[in-house]
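Structure first, commentary second.
Just so you know, all these numbers are worked out from the coordinates, no wet-lab data involved. What you see is a predicted model; the values in this text were computed from it and never measured. Here the Cβ positions follow ideal geometry from the backbone for every residue, glycine too, while neighbour counts run over all protein chains shown.
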There are 4 protein chains.
Amino acid sequence: MRKRDREATKARLLEAARLRFAREGYDATSVRDIAGDAGVDAGLIFRYFGNKKRLFDEATADIPADLLDGPEEELVARMVRSVIFADWTRYGGEHPLVAMLRSSAHEDTRQRIREEVCTTYVSALENLAEGDDAELRAELLSAWLVGIGILRSVVATPALAKADLDDLAPHVAAVAAGLLGRPMSGTTDA
Amino acid sequence: MRKRDREATKARLLEAARLRFAREGYDATSVRDIAGDAGVDAGLIFRYFGNKKRLFDEATADIPADLLDGPEEELVARMVRSVIFADWTRYGGEHPLVAMLRSSAHEDTRQRIREEVCTTYVSALENLAEGDDAELRAELLSAWLVGIGILRSVVATPALAKADLDDLAPHVAAVAAGLLGRPMSGTTDA
Amino acid sequence: MRKRDREATKARLLEAARLRFAREGYDATSVRDIAGDAGVDAGLIFRYFGNKKRLFDEATADIPADLLDGPEEELVARMVRSVIFADWTRYGGEHPLVAMLRSSAHEDTRQRIREEVCTTYVSALENLAEGDDAELRAELLSAWLVGIGILRSVVATPALAKADLDDLAPHVAAVAAGLLGRPMSGTTDA
Amino acid sequence: MRKRDREATKARLLEAARLRFAREGYDATSVRDIAGDAGVDAGLIFRYFGNKKRLFDEATADIPADLLDGPEEELVARMVRSVIFADWTRYGGEHPLVAMLRSSAHEDTRQRIREEVCTTYVSALENLAEGDDAELRAELLSAWLVGIGILRSVVATPALAKADLDDLAPHVAAVAAGLLGRPMSGTTDA
DNA sequence: AATGAATGAGCTTTCATTCAT
DNA sequence: TATGAATGAAAGCTCATTCAT
């Protein structure tokens, strides 16, 4: 029996859910796993969140988006940092989008990923792209970010897994410039 | 006659397994689904393959690799074509790697994807990259391919979903050149 | 004041319990339903009544019995009126006995129905029956009343569901007379 | 492990289901109870019947109706015999309709009872009733049969519980004649 | 060797009930 | 005392897997 503090318990359940869902995906995670991690009874999940799906939605709902704060030419660099160097401890060390891709068997989840990718990444990049087919180029750049996230944390290829932001900087600059048609910085100030 | 049937049945099971696993992922696919698709009893899966996991491994083992046939400067273009335009009917229309990522909840699968990505894509690209950190650059390019495959078929972002090879050609050339440090073609002959 | 509230809350819980149990039966009614209807926390049910079963017993304990007030020859007519035309709003519009039959899965409840039927209906009718096997005839008449209640409100057969007391009057007189061996009225004064 | 005979197992499950549902009602019966009674695993219920509700429907579907075979004036007597003296061992010793009333919390079941009562009892009796409001009188007689069944086996009132067909014969004749407006026999040949 | 009946563990979810505050 | 957080035992149902025939 726990601290009998509703908000704290909800928070612990969300925390545990985030980690499990991120690491193992929706189907491979049972509500008992999550409740066990949180140290409470599984029944509380249903009392507090209604059902497993809603817990998932709530647990993966808080993708932060402060990407727009800062100089335009550093946007891509900020995105790379966000995708692979930010502290996503709560999502098992991975970017939430990469984590959610684990659960992409369900169309619902795919739709949420799509919206997230489009509103957060593609639309921001689209504004920077010169010329026509800006949307396509923005998506191609987003694809790169997603691919980097996956290769680094899901697949764990050797070089990417141990690279740091400085290692990536020149390549970020090169690819971003090539796709957006304008010079971009590979590093960030922060 | 007996042997024939056995082999034919195994083949049908593998075929069905490939499609189901690709489209719905490992967890969301039941052995009964697969057996049903193949028109045989589920018991045969255990007789022939031992268990579900081994069926999965066998079903996803045949990623073909004729990528090296052809001019070097078209390698990346061939890879893009392979990732998103080849006829992966047997894998539900997606590249096998993308399909396998659906089932990446299990470390086993991740390992297999890693091996595949490294031996087939990274190593081939590494040979083309000039200068040091060739491996990292090869991985970054592989990441792009993987990301494109995912955004196109899993996430289905609008522009990528309807792009064809010609739309991508100039961007392929630009990015590949930027990362590999040498001029690359965006199209293929074939 | 404290006591007042406690009593008022108990009363509201009993009220809500009566309706739910009557309409949906014991098993299909949850203590949270009842507490919700009464606007209080479910815990109070256990504080006040001990457990669900005792709440049920208490909620269904007050079957009124003013059937004996009035002329003897109108007794059966009064019973019919009581069974199907009285205002059993508190029991979901049905006679409490019919409502309790919904919960007759438990022997306890059956016993309580038996006592109620025997003390309230059978014994009153037995006094009116001429000749021997008076008890049997009284029970047969009680059976009719129960059957009418059930067909009317549980099963909802078409003719009975829309009949009023006048439609039934001649048949009540005929059957009562046939079973009791003496002339009975089919209508009541009230 | 049992005899590995699908039909025999299905039959045993239906048998066990009939008894449990009849005695305890739908809600109070668990699929594990039924499977336990039948000596097999509960999973088979879902394999063979789909779900609990369909098992219930199938288990209670076989209400026989040979009531029309025989002389018209003995119809009511045959019905009484059917309701309370036939060997309903498979339904826990009660007439299936009475047994189904235990599960009348669900509108589905009520509807099935209504149809059964109307097509089997009311319509047969309606043909015998003279004059107008024949339907109402047929329903009133059906109500009596239902009431008798309930008082005898659910409530178990003393006189009815130990009566035999001969004890009831004169009363059957009297009530049937009173409601149908024509002489009826209280006994049957068979 | 092949079929499909049977199994049992585990899933999400509900519910009566307890107990800390 | 009263609130509501927490619990644990079931419930219906699915699934990979085994094994008699």
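Other protein chain C-beta atoms within 10 Å of residue C-beta, averaged over A:127-140: 4. With the Cα gyration tensor of the range D:81-142 giving a ≥ b ≥ c as the square roots of its eigenvalues, does the rule (a/c under 1.5 for rounded; else a/b larger than b/c for prolate; else oblate) give rounded, prolate or oblate? The shape class here is oblate.
Could you work out the mean count of beta carbons from other protein chains within 10 Å of each residue's beta carbon in A:18-25?
Values: counts 0, 0, 0, 0, 0, 1, 4, 9.
Other-chain Cβ atoms within 10 Å of each residue's Cβ, averaged: 2.
Each residue of the range C:67-74 was assigned a 3J(HN,Hα) from its phi angle through the Karplus expression (A = 6.51, B = -1.76, C = 1.60, θ = phi - 60°), giving 5, 7, 7, x, x, 3, 6, 9 Hz with x at Gly and Pro. Helices in the protein assembly as shown, meaning DSSP H runs of at least 4 residues, each add -39500 (n - 2.57). Divided by all residues, the mean residue ellipticity at 222 nm is -17000 deg cm²/dmol.
Cross-link reach is defined here as a Cα-Cα straight distance under 16 Å, omitting same-chain residues fewer than 8 places apart; for A:Lys162 the aspartates and glutamates meeting it are A:Asp87, A:Glu94, B:Asp132, B:Asp133, B:Glu135, B:Glu139. Multiplying each eigenvalue of the alpha-carbon gyration tensor of chain D by 5 and taking the square root yields semi-axes of 35, 16, 14 Å, largest first, rounded to whole angstroms.
For the range D:1-78, which semi-axes, largest first and in whole Å, follow from the square roots of 5 times the eigenvalues of its Cα gyration tensor?
Working: eigenvalues 190, 40, 21 Å².
With the √(5λ) rule applied to the range D:1-78, the semi-axes are 31, 14, 10 Å.
Each residue, D:Glu72 and C:Arg32, gets one label point 7 Å from its Cα in the Cβ direction; the gap between the two is 5.9 nm.
In the range D:52-122, Cα pairs under 8 Å separated by at least six residues give a relative contact order of 20 percent.
Below 8 Å between Cα atoms, with a sequence gap of 6+, how large is the relative contact order for the range C:32-190 in percent? Kindly include the intermediate steps, with their values, before the conclusion.
Working: 143 pairs, mean separation 37.7, N = 159.
Relative CO of the range C:32-190 lands at 24 percent.
Most mobile of A:Ala159, A:Ala174, A:Ala61 per a Gaussian network model of chain A (Cα springs, under 10 Å)? Of A:Ala159, A:Ala174, A:Ala61, the Gaussian network model singles out A:Ala159 as fluctuating most. Our summary gives the range C:3-44 a relative contact order of 40 percent, counting only alpha carbon pairs under 8 angstrom and 6 or more residues apart. Relative to the other identical copies, D:Asp189 shows label-point distances of 5.2, 10.0, 10.8 nm, where the label point lies 7 Å from Cα along the Cβ direction and values run shortest first. Two tests apply to each whole DSSP H helix in chain B, Cα reach of 20 Å or more along its axis and mean Kyte-Doolittle hydropathy of at least 0.0, and the ones passing both are B:134-149, B:165-180. FRET efficiency for A:Arg182 and B:Arg90, Cβ-Cβ distance as r, R0 = 41 Å, nearest 0.05? After rounding, the FRET efficiency stands at 0.45. Note: the range C:28-130, Cα convex hull, 112 Å³ per residue. Counting Cβ atoms of other protein chains within 10 Å of each residue's Cβ and taking the mean over peptide B:110-117 gives 3. Per the Debye formula on identical point scatterers at the alpha carbon atoms of the protein assembly as shown, with no solvent, log10 I(q)/I(0) at q = 0.09, 0.11 Å⁻¹ is -0.88, -1.08.
For a test of the definition: using alpha carbon positions, the gyration tensor, and the 1.5 limit on a/c, classify the range A:72-180 as rounded, prolate or oblate.
On the way: a/c = 1.99, a/b = 1.12, b/c = 1.77.
It is oblate, given that a/c is not under 1.5 and a/b is not larger than b/c.
Take B:Ala156, move 7 Å from Cα toward the beta carbon, and the resulting point lies 3.3, 4.2, 6.2 nm from the same point in each other copy, nearest first. For the range D:59-135, GluC sites (Glu not before Pro) are listed when DSSP marks them as loop and at most 15 other Cβ atoms sit within 10 Å of their Cβ; the list is D:Glu130.
Pairs with C-alpha atoms separated by more than 18 Å, drawn from the list A:Lys52/B:Lys52; D:Lys10/D:Lys52; A:Lys52/C:Lys52; C:Lys52/D:Lys53, are A:Lys52/B:Lys52; A:Lys52/C:Lys52; C:Lys52/D:Lys53.
Label the range D:125-190 by shape, choosing from rounded, prolate and oblate, from the square roots a ≥ b ≥ c of the eigenvalues of the Cα gyration tensor; if a/c is under 1.5 it is rounded, and otherwise prolate applies when a/b is larger than b/c, oblate when it is not. Because a/c hits 1.5 or more and a/b fails to exceed b/c, the range D:125-190 counts as oblate.
Starting from the Cα of A:Asn51, move 7 Å in the Cα-to-Cβ direction to define the label point; list residues of the range A:72-112 whose amide nitrogen is under 19 Å from there. Residues passing the 19 Å test: A:103-112.
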